[in-house]
Amino acid sequence: MMAAAPASEGPQLIVAEGQLGTRTRLAAGANGIVWKLDQYRLPGDPRPLVFKQFQGAALATTLPGLQTVVNKRLQLPPDRREVLDQLAAWPLCAVVGSGNAPVGVLMHLIDDSFFTDFVLPSGSAGRGPREAQHLIFAAEAARRTGVDVPADRDLHSRLLICAHLAYAMMIIHDAGLVYGDVSLRNILYRLHPMPAIMLVDCDAIRVRGSGAVVTQQNSPDWDAPEPGPQSQYSDRYKVALFILRCLTPGRGSSTNRDPAAAASVLDARGRYLMQTALTAPPPDRPTAREWSSYLRDRTGQPPLFERSPVLRPSGRQGRRPTGWTKHPNGLWVPS
């Protein structure tokens, strides 16, 4: 019989580790071990769960901080919460150990369509998440290992993947959050039944204006040019980097920051967005909402029910001061 959390008033924000029952180890990383829970379920939610057990730097996480991230999902309108669950492995509940100290989070088990069989360099078979690195490196390398990537001229699938990322980031930013480590390892993708993405490591998301719950990392070659803590501005920069690199895969793409590289696959509006995202002062970078609107148009999807703001004109005469200045070394710094 399947174990479930005890009934309680309102959504459950905290569960004791001792209640989780038997589990099966799935994966491990620098900040935690992921276990599939064999029987435990949250009230009213039959979907299978995983327990991310913190280790390393993540053990410094505070319980109030975790509860804030959990609550952000619960505060979303039901339709947005449903979409967020399809796009992000979000913390559903904090897990505490002795002394009520946080030891991890519960999340929905990621759908199997985001995993793939592959061949290891040794020749043996393996299975793991289909990470965005396969989209950006040379497609032939992915195919040699058995990982499916879009066909060489299938720009539409790549645009759809980018559109899903922009929409996920729009939801996160609209909720007043900073994602942080947009990178090859934290974005999973699938091509079937339709191209889509899944964001992972969402327990490191930060409420704008507050400290990070789990230390936010900056993956090599994905850092924004301005110093200081990560922000929605740095998220915007990294979203543009992902779009640039996803649309221009191959040798050198994983470190490419040149907006001109995407000129042949973007129209005038897209080229303007990319140029502004990667070269303008941080406050002038296109928002995730602007990218989402553009990419939905490019892929023939209907406009969002929440109308996007009118795209800023390419002529920037008389624009308001941004408070940022480009240093001679190429970094954006507060003026």
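The values are calculated or read from the model by the stated rules, or taken from the named source; none is laboratory data. The structure presented is a predicted model; accordingly, all values stated were derived computationally and were not measured. Virtual Cβ from ideal backbone geometry, glycine too; neighbours counted across all protein chains shown. Just so you know, the surface numbers come from the protein's heavy atoms only, side chains and all, with ligands and any DNA or RNA stripped out. Shrake-Rupley method; radii C 1.70, N 1.55, O 1.52, S 1.80 Å.
Going by what's in this entry, would residue 50 be described as modelled with pLDDT of 90 or more and surrounded by 19 or more Cβ atoms within 10 Å (Cβ to Cβ)?
It is true that residue 50 is modelled with pLDDT of 90 or more and surrounded by 19 or more Cβ atoms within 10 Å (Cβ to Cβ).
Based on what the data block shows, is residue 26 farther than 22 Å from residue 177 by Cβ, surrounded by 12 or more Cβ atoms within 10 Å (Cβ to Cβ) and under 22 Å from the mean Cα position of the chain (by Cα)?
yes
Within the range 102-109, is there a residue that is modelled with pLDDT of 95 or more, within 19 Å of the chain's Cα centre (by Cα) and open to solvent by 40 Å² or more (accessible area, probe 1.4 Å)?
So far as the range 102-109 goes, yes, one or more of its residues are modelled with pLDDT of 95 or more, within 19 Å of the chain's Cα centre (by Cα) and open to solvent by 40 Å² or more (accessible area, probe 1.4 Å).
Find the residue count for the range 54-80, including only residues that are open to solvent by 50 Å² or more (accessible area, probe 1.4 Å) and either touching an Asp or Glu at 6+ places or on another chain (Cβ under 9 Å) or of a type in the set (A, V, I, L, M, F, W, C) (or both).
3
Going through the range 29-47 one residue at a time, which ones are in a strand (DSSP E or B) and open to solvent by 30 Å² or more (accessible area, probe 1.4 Å)?
34, 35, 36
Just a yes or no: is a residue in the range 104-122 under 18 Å from residue 179 (Cα atoms) and part of a strand (DSSP E or B)?
Within the range 104-122, one or more residues are under 18 Å from residue 179 (Cα atoms) and part of a strand (DSSP E or B).
Looking only at the range 48-62, count every residue that is assigned to a strand (DSSP E or B) and out of contact with any Lys or Arg (no Cβ under 8 Å at 6 or more places or on another chain) and tell me the total.
The total comes to 3.
Rundown of residues vs (1) buried (at least 19 other Cβ atoms within 10 Å of the Cβ); (2) within 29 Å of residue 247 (Cα to Cα); (3) at pLDDT below 95, yes/no style:
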{"position": "85", "(1), (2), (3)": "no, yes, yes"}
{"position": "97", "(1), (2), (3)": "no, no, yes"}
{"position": "146", "(1), (2), (3)": "no, yes, yes"}
{"position": "156", "(1), (2), (3)": "no, yes, no"}
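Taking the range 260-277 on its own, how many of its residues are open to solvent by less than 20 Å² (accessible area, probe 1.4 Å) and assigned to a helix (DSSP H, G or I)?
Looking only at that region, the number is 6.
So is residue 65 modelled with pLDDT under 95, in a helix (DSSP H, G or I), within 18 Å of residue 207 (Cβ to Cβ) and not hydrophobic (A, V, I, L, M, F, W, C) or not?
Here the answer is yes, as residue 65 does meet what is asked.
Here's the yes/no breakdown for (1) modelled with pLDDT under 95; (2) under 22 Å from the mean Cα position of the chain (by Cα):
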site	(1), (2)
264	no, no
271	no, no
274	no, yes
280	no, no
290	no, yes
308	yes, yes
317	yes, no
320	yes, no
323	yes, no
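Say we look at the range 116-144 and pick out the residues that are at pLDDT 90 or above and among the polar types (S, T, N, Q); which of these is nearest to residue 270 (Cα to Cα)?
133
Would you check which residues across the range 25-62 are polar (S, T, N, Q) and more than 24 Å from residue 207 (Cα to Cα) and list them?
Matches in the range 25-62: 39 only.
Restricting attention to the range 9-23, and to residues there that are assigned to a loop (DSSP other than H, G, I, E, B) and open to solvent by less than 70 Å² (accessible area, probe 1.4 Å), which single residue is modelled with the lowest pLDDT? Before you say what the answer is, go through the steps one by one.
First pass over the range 9-23, keeping only residues assigned to a loop (DSSP other than H, G, I, E, B): 9-13, 20-22.
Those left that are additionally open to solvent by less than 70 Å² (accessible area, probe 1.4 Å): 10, 12-13, 20-21.
Values: 10: 55, 12: 78, 13: 86, 20: 97, 21: 96.
Selected residue: 10.
Which pairs turn up if I take residues in the range 117-145 that are among the hydroxyl-bearing types (Ser, Thr, Tyr) and look for partners that are open to solvent by 50 Å² or more (accessible area, probe 1.4 Å) with beta carbon separation below 9 Å, at least 6 apart in sequence or on another chain?
From the range 117-145, the pairs are 145/118; 145/119; 145/120; 145/121.
Being surrounded by fewer than 17 Cβ atoms within 10 Å (Cβ to Cβ) and not charged (D, E, K, R) is the filter here, so list the residues in the range 228-253 that pass it.
If we filter the range 228-253 for residues that are surrounded by fewer than 17 Cβ atoms within 10 Å (Cβ to Cβ), which is where we start, we get 228-229, 250-252.
Within the range 228-253, 228, 229, 250, 252 qualify.
Every residue in the range 179-213 that is closer than 13 Å to residue 65 by Cβ, crowded, with 22+ Cβ neighbours inside 10 Å and either touching a helix residue (DSSP H, G or I) at 6+ places or on another chain (Cβ under 7 Å) or at pLDDT 90 or above (or both), please.
203, 205, 213
Mind listing whichever residues of the range 220-235 are touching a residue at least 60 places away in the same chain (Cβ under 8 Å) and part of a helix (DSSP H, G or I)?
Residue satisfying the conditions is 235 alone.
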